[in-house]
Amino acid sequence: MNPVIKIDGLSFGYEFGDSVLKDIYLEISPGEMVALVGQNGAGKTTLVKHLIGLLRPPAGKVRVADLDVANTRVSKLSRQVGYVFQNPDHQIFHDTVQAEVAFGLNNLGLPREEVEPRVTAALSDVGLEHLANENPQRLSRGQRQRVALASVLALRTPVIVLDEPTTGQDYQERKQIMALVEQLNKAGHTIVFITHDMSLVAHYASRVVVLCQGQIILDGDTREVFRQTDKLAESLLLPPQVTVLANQLNEPLNTSVSPVILSVDEMQEYLQRVREVKRNGAGD
Amino acid sequence: MTTSNNSLIQLNNFSYQYPHTANNALKSINLSLKKGSFVGFAGPTGAGKTTLIKSINGIVPHFEGGTFSGEVLLNGKAADTMSTAEIGRSVGTVLDDPEAQIICLDVEQELVFGMENYGVPPAEMEQRMQKALASVGIAHLLGRSTASLSGGQKQRLAIAAALAMLPEVLVLDEPTSELDPLGSEEVFRVLKQLHQEQGMTILVTEQKTDLLARYCDQLVILREGEMVLSGTPREVFQHPDIFELGVALPEVTELARRYYPQAEPPITLDEGVQFCRNVIQTFGG
Amino acid sequence: MARVIEYIYRDSIIHQLNPLSKLAWALGVMVLALTFNDPYYLLALLISVGLVGLTGRVMKDLSGVMKGLSIFALILVLLQVVFYHGAYREAVTLGIAMGLRMMTVVLSFLVFLSTTQYKDIILVLTEKMKLPYDYVFMFMTSLRFVPTFLNEAIQVGYAQQVRGCPIDSGNPWRKMKAYIAVALPLVLISLKKAERLAIAMETRGYGSNNRTYYKEPIISTLDYFVIFLVVVLIIGAIILRCKGLGVLH
Ligand SMILES: Nc1ncnc2c1ncn2[C@@H]1O[C@H](COP(=O)(O)OP(=O)(O)OP(=O)(O)O)[C@@H](O)[C@H]1O
Ligand SMILES: Nc1ncnc2c1ncn2[C@@H]1O[C@H](COP(=O)(O)OP(=O)(O)OP(=O)(O)O)[C@@H](O)[C@H]1O
Ligand SMILES: [Mg+2]
Ligand SMILES: [Mg+2]
C-alpha cells in the first residue's frame, strides 16, 4: 500500500538556530497508529508541524495523502490531516466550547443540521457535554485540552496528528481519550501521536518512532523498540514500569528470547508462566 | 477559629466559587500543613487542584474575584489580607501553563526577574541562577530567547525561575505535565533535595502518581471540589475505592492489588521486584 | 513569527552599546530629521540609519516592517500630490520628504528597540534618568502588548487554517471575513494573556520595594564617543539650518 505520510530526507533548522531535524526518513502506511517519542527539545513538534504545513518543507520532501506539503495550502491540507496543538491555548479562540468544536465542521461546509449532532457527539466523546455552553477561558487546563481535542477529532480526517493529547488528564481520562483515538484508528484513520507517557505508548501504539536530537534512532514495532533498553537510555527514555520490572526480575522462560512485557495484564500472565516453569522444574 | 500554632498553611472550612458560576470549585476544605511537609495533590480534571493552589498563593480571590467562605492562613495570617506580591516572598509558584507564566524575553532575564524584585544581592543571583538551570537540565539554554523554547523547555524554565527564588514554600501546579520521563524524575529529585536540605515546604499537583508515591509524605485526592482521600501514598493506594477515583496507581501497585486487594501494596519498583519474587516463591515452590 | 519591536538577540557592536547612547542616537536622528526637509539630506540620514541597522545585524528582521512602512510612505506622497495647493513638483518633493522623515524616525527607533533589551531600557530610565519604576515598566509592558497581540493574531490564524478556514487562500474577501470573525475574540484573548502575565509578575514579587538589579549596563569609551558624535551632529545641523542649508521653502 502507498504510504499516506512520506518524509524523504527532511532537514530543518529554525532561523539563527542549530539544526533541529537531521535527514529524516519516515514512511507511514494508512491505518497505522504511530507513537512519536523523545526527550524535551528532541524535535517532535517541529517534525509534525511539517506534516500540516505550519512549517514548510522544501519541495518534494514531505508528502501527505498524495499532496506535496511544500506547495499545498494549510487549509487544504487540513481536509486530510487533523492537528491538535501541544498547547490547547494555541488552538482555542472561540468564546463557547460549542462554537470551538463547530468551527472546523462549518469550514467543511456541512449543513447546520449535520453540524449540531456532530458537535454534541464529539463533546460527549470527550466527556464535556455538560460544558458545551461554557467559555473555554473559564475551564481548567485539562478541560481545555479536551476541548481542543474534540474540535479536531470531530473532523474525522484520514490522518490525525496529536501533539501530547493527554496532558493534564488523570488515569481514566487518559484511557478514555486513547480509547477514542484507538476506535478512530480501527475505523481506518492513520494516527500519529506524541507523548511522554510510555504506558500509553505500550498500550496503544503499534509502532514507535524515537527521535533523539533531531534524528530517528529507533523505529519499529512497539515491543521491539522497548526491547532496546540501551538505545532508549541513550535518548534518555524509560520503558514503562512493568517492562523494567520484568527485566529486573530476569526470570527466563523456556523461550530463547526474554519477553518484553508491556502491560500489567501481560505481567500477570508472565508471572503465571514463570510459576508454572518453576513448578515443573521442581517436579522433575 | 482555633489555629494550631505550628501549622504553616492552614485551610479552615474553605469554600470558593468563581464569579458567574453555579457551583463551588472548592467545598469546605480543611487542611493543615506543618513546615517541611511534602504534599501531593491528584484528581481528575476540573477537581479543583489548580483552584486550591491559587488559594494558597493568593491569586484566588485577589485576581479571580468570586466569593469564598472560611479562611486560608499562612503562618497564622489570613491570606486574603496580604497582597500577592507579599505572599510571593515566602510562597514560590509554578503555574500550570508554563507559557502563560513566562514574563521576559530571554532566559537569563526570566530567571532574575523574581530575585531582583525581592532584592537578592546581585552577587548571589549568578550562582543561584546557574544552580537552578542546572538542576532542571537547561544550563545550555541560557542566552536563548524564551519564545524559541520547546514546550518542555518552557516548563523547565518556569520551574527554574521559581527554584532560584528559594522560597519557604513552593507550590507547583502540574510542573511535569510536558516533561519527558527523566526530566520529571529529575524535578522531583530536586524538590526532595530542597525539602531535605533546606526544609522547604512543598505542595505539588501531579498526574504521575508513581512520582507522588515515591517522593511525597502525604497524598491528597480531590474530586469535584472536595478532599475525598488523604494520607500517606501507601494508605491512599491501599484504599478500596481507589480505582473509582480515577487515580493511576504505579503499575507495580496495580499488579500487587490484583493478588492481594487488602494488603499493603508495594509502591516502588524495588518493592515491586521483591513482591514478584515472593509471588513466584509462594506459588512456584 | 512576527518580530515587531522585539529584542533580537545577535552579537554585534550595536547590541553592546549602552542603552543610553542608543537612546541618544535615536533622539538625535529624530531631531535631525525634523530639522531638514530637503529629500537628499533626509535620504542620507535614512541611509546612515540603515547602516547602523546593518551593523546591528537586524535589518533582515526589520525588512518586513520596512516594506509596510514604505507603502505607507508612498501613500503619504500621493496624498500630498492630491491635496497640496501649489506647484506639482513642490508637492512631490514635500511628500517625499515627509515619507523619508517618517521612515527614518521609525527605523531608528526599531533599531534601538531591537538591539536593546527591555530590562536594560528600564534600568537606564529608572536608575539613570530617575523615572519611577512602576511607570517605566507599565510603559514597556504596553509596548510589548503590540507584539503579543500580533503573535496572538498569527497563532489564531494557524488555528483557523489547520481546521480548514481558507484565510491562506489569497481570496481577499474570504480573508477579510475570516479576520473579522476573530477580531473580537482576539482582543479578549490578548487581554486574558495580559492578565495572566500580570498574575505571573505579581506572584514573583513585581512591585515590591527594595529591588536589586542583576547587571548594570556599562558605559564604555565607545558610548562616550557616540554621545559626543550625536551632540556634534545636532549642533552642526542647527548651524546648517541657520545658514539655510538643507531646507526647502
Ligand atoms: N521558534 C523557534 N526558534 C528557534 N528554536 C526553536 C523554535 N522552536 C523550537 N526550537 C528549538 O528546536 C528544538 C526542537 O523543538 P521542538 O518544539 O520540536 O521539541 P519537542 O521535541 O516537541 O520538545 P517538547 O517535548 O519539549 O515539546 C528545541 O531545542 C527548541 O529549543
Ligand atoms: N476562571 C474560572 N472561572 C470560572 N470557573 C472556573 C475558572 N477556572 C476554573 N473553573 C472551574 O472550576 C473547577 C475547578 O477547576 P480547576 O482549574 O481548579 O481544576 P483542576 O483540578 O486544576 O483541573 P485540571 O487537572 O484540568 O487542571 C472546574 O469545574 C472549572 O471549570
Ligand atoms: Mg513539543
Ligand atoms: Mg489544574
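Descriptive notes on the structure:
- Here A:VAL159 passes the criteria (1) within 16 Å of ligand 3 (Cβ to nearest atom); (2) touching a residue at least 40 places away in the same chain (Cβ under 8 Å) except the one numbered (1).
- Helices (runs of 4 or more DSSP H) fully within the range A:36-127 counting 1 or more residues that are away from ligand 1 (no atom under 15 Å from the Cβ) and closer than 15 Å to A:LEU155 by Cβ: A:74-77, A:97-107, A:112-125
- Matching residues, the range B:112-145, being more than 8 Å from every other protein chain (Cβ to nearest Cβ) and open to solvent by less than 10 Å² (accessible area, probe 1.4 Å): B:MET129, B:ALA132, B:LEU133, B:VAL136, B:ILE138, B:LEU141
- One residue stands out among those in the range A:168-199 that are of a type in the set (S, T, N, Q) and buried (at least 24 other Cβ atoms within 10 Å of the Cβ): the one that is nearest to the other protein chains (Cβ to nearest Cβ), which is A:GLN169.
- Any hit, the range A:110-125, residues being among the hydroxyl-bearing types (Ser, Thr, Tyr) and either surrounded by 19 or more Cβ atoms within 10 Å (Cβ to Cβ) or at positive phi (or both): no
- Filtered residues of the range B:108-145 (kept if among the aliphatic types (A, V, I, L, M) and not in a helix (DSSP H, G or I)): B:VAL120, B:VAL136, B:ILE138, B:LEU142
- Failed criterion for A:GLU134 (all others in (1) under 23 Å from C:LYS193 (Cβ atoms); (2) open to solvent by less than 40 Å² (accessible area, probe 1.4 Å) hold): (2)
- Test: B:PHE38 is more than 13 Å from every other protein chain (Cβ to nearest Cβ) and either in contact with a Gly (Cβ under 8 Å, 6 or more places away or on another chain) or among the aromatic types (Phe, Trp, Tyr) (or both): yes
- Answer residue from the range A:79-94, given it is away from chain B (no Cβ under 13 Å) and open to solvent by 10 Å² or more (accessible area, probe 1.4 Å) and is nearest to A:ILE24 (Cα to Cα) among those: A:GLN80
So that you can scan it fast, the table gives a plain yes or no per residue for (1) among the hydrophobic types (A, V, I, L, M, F, W, C); (2) within 16 Å of ligand 4 (Cβ to nearest atom):
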position: B:HIS20; (1), (2): no, no
position: B:LYS27; (1), (2): no, no
position: B:ALA42; (1), (2): yes, yes
position: B:LEU74; (1), (2): yes, no
position: B:THR84; (1), (2): no, no
position: B:LEU95; (1), (2): yes, yes
position: B:ALA100; (1), (2): yes, yes
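Table: residues versus (1) crowded, with 22+ Cβ neighbours inside 10 Å; (2) within 15 Å of ligand 1 (Cβ to nearest atom).
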position: B:ALA164; (1), (2): yes, no
position: B:VAL169; (1), (2): yes, no
position: B:SER177; (1), (2): yes, yes
position: B:PRO181; (1), (2): no, yes
position: B:GLU186; (1), (2): no, yes
position: B:ARG189; (1), (2): no, no
position: B:GLU197; (1), (2): no, no
position: B:THR201; (1), (2): yes, no
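- When every residue of the range B:228-246 is checked against the conditions, none turns out to be out of contact with any helix residue (DSSP H, G or I) (no Cβ under 6 Å at 6 or more places or on another chain) and under 30 Å from B:ALA134 (Cβ atoms).
- Among the residues making up the range B:159-196, a single one is within 16 Å of ligand 4 (Cβ to nearest atom) and of a type in the set (Gly, Ala, Ser): B:SER177.
- Inspection of the range C:143-154 identifies no residue that is in contact (Cβ under 8 Å) with a residue 60 or more places away in the chain, under 19 Å from C:ALA33 (Cβ atoms), open to solvent by 50 Å² or more (accessible area, probe 1.4 Å) and in a helix (DSSP H, G or I).
- Members of the range B:152-185 found to be within 10 Å of chain A (Cβ to nearest Cβ) and either under 15 Å from the mean Cα position of the chain (by Cα) or within 16 Å of ligand 2 (Cβ to nearest atom) (or both), listed by number: B:GLN155, B:ARG156, B:ASP173, B:GLU174, B:THR176, B:SER177, B:GLU178, B:LEU179, B:SER184, B:GLU185
- Scanning the range A:2-31 for residues that are touching a residue at least 24 places away in the same chain (Cβ under 8 Å), in a loop (DSSP other than H, G, I, E, B) and either open to solvent by less than 40 Å² (accessible area, probe 1.4 Å) or at positive phi (or both) returns A:PRO3, A:VAL4, A:GLY31.
- Residue match in the range A:132-140 (condition: facing chain B (nearest Cβ under 10 Å), at negative phi and in contact with a Gly (Cβ under 7 Å, 6 or more places away or on another chain)): yes
- Filter result (of a type outside the set (A, V, I, L, M, F, W, C) and within 10 Å of another protein chain (Cβ to nearest Cβ)) within the range A:145-167: A:GLN145, A:ARG146, A:SER151, A:THR157, A:ASP163, A:GLU164, A:THR166, A:THR167
- Among the residues listed as C:ILE227, C:ILE234, C:ILE180, the single one being outside any loop (DSSP other than H, G, I, E, B), of a type outside the set (Gly, Ala, Ser) and within 14 Å of chain A (Cβ to nearest Cβ): C:ILE180
- Considered as a group, the residues in the range C:179-195 that are surrounded by 16 or more Cβ atoms within 10 Å (Cβ to Cβ) and more than 30 Å from B:THR84 (Cβ to Cβ) include one that is nearest to the chain's Cα centre (by Cα), and that residue is C:VAL182.
- Inside the range B:15-49, residues that are open to solvent by 30 Å² or more (accessible area, probe 1.4 Å) and outside any loop (DSSP other than H, G, I, E, B) make up a count of 6.
- Any chance B:VAL39 is modelled with pLDDT of 95 or more and either within 16 Å of ligand 3 (Cβ to nearest atom) or touching a Ser or Thr at 6+ places or on another chain (Cβ under 6 Å) (or both): no
- Subset tally (residues that are more than 7 Å from every other protein chain (Cβ to nearest Cβ) and either open to solvent by less than 70 Å² (accessible area, probe 1.4 Å) or without any contact (Cβ under 8 Å) to a residue 24 or more places away in the chain (or both)) for the range C:196-218: 4
The values are calculated or read from the model by the stated rules, or taken from the named source; none is laboratory data. Bear in mind the structure is a predicted one, so any value in this text is a computation, not a measurement. Methodologically, a virtual Cβ is constructed for each residue, glycine included, from the backbone with ideal geometry; neighbour enumeration extends over all protein chains shown. For the accessible areas, the whole protein counts, side chains as well, though only heavy atoms, and no ligand, DNA or RNA atoms are used. Shrake-Rupley method; radii C 1.70, N 1.55, O 1.52, S 1.80 Å.
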